[in-house]
Amino acid sequence: MSLIRVVTVCMLLLPLAACVQGAESDETEGVLDFRMPNVSPKQKDIYLCHAIALNPNKPIYITEVVPHANSHVVHHMSIIGCSKPGSNKDVWYCNDFDKEASLYCSGQSSFIYAWGKNASELRLPKGVGIKVGGDTSMHYLVMQVHYNHVESFLNGGVDHSGVQVKYTFNKLPRAAAYLHLYTADGVLQPGQQEHFDITCPIDEDIVLHPLAFRTHTHQLGLVSSGYRVRNREWTELGRRAAQLPQNFVPAKPVPLTKGDVLAARCTMFNFNDHPVRVGSTHDDEMCQFYILYYTDGEKTLSKEECTSKGPPLYYWKDDKTLDVTNIPADVNVIPPPPNGPTPPA
């Protein structure tokens, strides 16, 4: 029985929609088509989750994620590895900002992929993979989809947005993982430019090699920037215009080691006549900066997230470990292409 056939059978039998078996096949690589199961959301800005089970006896190493979504329908989409999904339902409501909603994960979680603004695929270099299933704590993949426009579903339309996950069963020499920096709160006053700042100290004895970065804001974002701060020196990891497709794009090869600080900023301008807060809808704002890195071997950082309270409660200048006099002058400047808009002809 081929691997694709095994996955298809699992998708028909398991209540959580699918499993990746592999043990019954001699094939070393596979593709998992992970989609929303013909959902029909009726509420704008709703968050829905769907899970698949992984083989607990045999790990896989994810090497590529190819999105299948449209930004007119989907605001953003995330793929998360979970020790246990947040619900036993096939599809469940999972808004992070709503205390009445179920979580996307119950127990441990590990970020895999995020998509927004018609972003492209994520392809890892040869020999690098994200390990899930098997002897890891990630026994499920969960897809969280934030739906933007739902007009096409009001008369019976259905959605099957999702991703193709490409993987290998062969053990890889380098492990990929993420650091996710974000502001948990914050407010933009009308007619004002504002800085959403986050810092993240590296406090484990491990060398991180940045591969790519990704930024995420909503409508008011101008530019997002990330830096390594070492011995008072700021070195740019990546800077990108906030309204471009939210791809993972190449980061500068600036290793991160114990004692370094990762600093990220989203520069925004509120064009509205009312304050805008951080929140879950597309009319709210978010500031998120992801670093995808690899390490030699299987060990990665035990922490995956760093957060701040956002403005006006936190700025870089409030962190006594940083020398803000050395912040690069172009931190709030939209860069030239490819990380900035192409000038008009």
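The values are calculated or read from the model by the stated rules, or taken from the named source; none is laboratory data. On a predicted model such as this, the values are computed, not experimentally measured, just so you know. FYI the Cβ positions are ideal-geometry reconstructions off the backbone, even for glycines, and counts take in every protein chain you see. For the accessible areas, the whole protein counts, side chains as well, though only heavy atoms, and no ligand, DNA or RNA atoms are used. Shrake-Rupley method; radii C 1.70, N 1.55, O 1.52, S 1.80 Å.
Answer yes if at least one residue in the range 129-137 is in contact with a Leu (Cβ under 9 Å, 6 or more places away or on another chain), touching a residue at least 40 places away in the same chain (Cβ under 8 Å), farther than 30 Å from residue 333 by Cβ and surrounded by fewer than 16 Cβ atoms within 10 Å (Cβ to Cβ), and no otherwise.
Just the residues of the range 129-137 that are in contact with a Leu (Cβ under 9 Å, 6 or more places away or on another chain), to begin with: 129-134, 136.
After this cut, where a residue has to be touching a residue at least 40 places away in the same chain (Cβ under 8 Å) as well, the list is 129-134, 136.
Remaining after also requiring farther than 30 Å from residue 333 by Cβ: 129-134, 136.
Right, trim to surrounded by fewer than 16 Cβ atoms within 10 Å (Cβ to Cβ) and you get none.
So far as the range 129-137 goes, no, none of its residues is in contact with a Leu (Cβ under 9 Å, 6 or more places away or on another chain), touching a residue at least 40 places away in the same chain (Cβ under 8 Å), farther than 30 Å from residue 333 by Cβ and surrounded by fewer than 16 Cβ atoms within 10 Å (Cβ to Cβ).
If you go through the range 277-284 one residue at a time, do you hit one that is of a type in the set (A, V, I, L, M, F, W, C), touching a Pro at 6+ places or on another chain (Cβ under 7 Å) and open to solvent by less than 30 Å² (accessible area, probe 1.4 Å)? Steps first, please.
Within the range 277-284, the subset of a type in the set (A, V, I, L, M, F, W, C) is 278.
Then drop every residue that is not touching a Pro at 6+ places or on another chain (Cβ under 7 Å), which leaves none.
No, the range 277-284 contains no residue that is of a type in the set (A, V, I, L, M, F, W, C), touching a Pro at 6+ places or on another chain (Cβ under 7 Å) and open to solvent by less than 30 Å² (accessible area, probe 1.4 Å).
Has the range 198-220 got at least one residue that is small (Gly, Ala, Ser), buried (at least 16 other Cβ atoms within 10 Å of the Cβ) and within 24 Å of residue 309 (Cβ to Cβ)?
No.
If you check every pair at least six apart or on different chains, which have Cβ atoms under 6 Å apart with a residue in the range 174-190 that is in contact (Cβ under 8 Å) with a residue 40 or more places away in the chain and under 30 Å from residue 136 (Cα atoms) first and a residue that is buried (at least 20 other Cβ atoms within 10 Å of the Cβ) and hydroxyl-bearing (Ser, Thr, Tyr) second?
174/294; 175/300; 176/294; 177/300; 178/290; 180/290; 183/308
Exactly one of these conditions fails for residue 251: (1) under 27 Å from residue 76 (Cβ atoms); (2) open to solvent by less than 10 Å² (accessible area, probe 1.4 Å). Give me its number.
It fails just one condition, (2).
Restricting to the range 59-80, name every residue that is in a loop (DSSP other than H, G, I, E, B), out of contact with any helix residue (DSSP H, G or I) (no Cβ under 8 Å at 6 or more places or on another chain) and either surrounded by fewer than 20 Cβ atoms within 10 Å (Cβ to Cβ) or of a type in the set (Lys, Arg) (or both).
70, 71, 72
Residue 240: open to solvent by less than 20 Å² (accessible area, probe 1.4 Å) and among the basic types (Lys, Arg), yes or no?
Yes: the conditions hold for residue 240.
Quickly run through the range 1-45 and pick out the residues that are modelled with pLDDT of 90 or more, of a type in the set (A, V, I, L, M) and out of contact with any His (no Cβ under 6 Å at 6 or more places or on another chain).
Hits for the range 1-45 are 31, 32, 39.
Looking only at the range 173-186, filter to residues that are hydrophobic (A, V, I, L, M, F, W, C) and touching an Asp or Glu at 6+ places or on another chain (Cβ under 8 Å); which one of those is farthest from residue 262 (Cα to Cα)?
175
Any residue at all in the range 262-269 that is touching a helix residue (DSSP H, G or I) at 6+ places or on another chain (Cβ under 9 Å), of a type in the set (Gly, Ala, Ser), under 15 Å from residue 227 (Cα atoms) and touching a residue at least 12 places away in the same chain (Cβ under 8 Å)?
There is at least one residue in the range 262-269 that is touching a helix residue (DSSP H, G or I) at 6+ places or on another chain (Cβ under 9 Å), of a type in the set (Gly, Ala, Ser), under 15 Å from residue 227 (Cα atoms) and touching a residue at least 12 places away in the same chain (Cβ under 8 Å).
Hey, among the residues in the range 302-345 that are surrounded by 17 or more Cβ atoms within 10 Å (Cβ to Cβ) and of a type in the set (A, V, I, L, M), which one's farthest from residue 215 (Cα to Cα)?
Per the criteria, the residue is 322.
Answer yes if at least one residue in the range 187-195 is touching a Cys at 6+ places or on another chain (Cβ under 9 Å) and among the polar types (S, T, N, Q), and no otherwise.
Looking for residues that are touching a Cys at 6+ places or on another chain (Cβ under 9 Å) and among the polar types (S, T, N, Q), one finds none in the range 187-195, hence no.
Name the pairs whose Cβ atoms lie under 6 Å apart, with the first residue in the range 288-304 and under 11 Å from residue 178 (Cβ atoms), the second open to solvent by less than 10 Å² (accessible area, probe 1.4 Å) and charged (D, E, K, R), and 6 or more positions between them or separate chains?
290/214
What's the total number of residues in the range 217-238 that are in contact (Cβ under 8 Å) with a residue 40 or more places away in the chain and either hydroxyl-bearing (Ser, Thr, Tyr) or within 24 Å of residue 283 (Cα to Cα) (or both)?
The qualifying residues number 10.
Within the range 116-124, can one find any residue that is surrounded by 23 or more Cβ atoms within 10 Å (Cβ to Cβ), among the basic types (Lys, Arg) and in contact (Cβ under 8 Å) with a residue 12 or more places away in the chain?
Taking the range 116-124 and keeping what is surrounded by 23 or more Cβ atoms within 10 Å (Cβ to Cβ), we get 116, 122.
Keeping just the survivors that are among the basic types (Lys, Arg) gives none.
Looking through the range 116-124, none of the residues is surrounded by 23 or more Cβ atoms within 10 Å (Cβ to Cβ), among the basic types (Lys, Arg) and in contact (Cβ under 8 Å) with a residue 12 or more places away in the chain.
Among the strands (runs of 3 or more DSSP E) confined wholly to the range 81-167, which include 1 or more residues that are β-branched (Val, Ile, Thr), in contact with a Cys (Cβ under 6 Å, 6 or more places away or on another chain) and more than 24 Å from residue 58 (Cα to Cα)?
none
Just checking, how many residues over the range 40-53 are open to solvent by 10 Å² or more (accessible area, probe 1.4 Å) and assigned to a strand (DSSP E or B)?
Residues flagged as open to solvent by 10 Å² or more (accessible area, probe 1.4 Å) and assigned to a strand (DSSP E or B) within the range 40-53 amount to 2.
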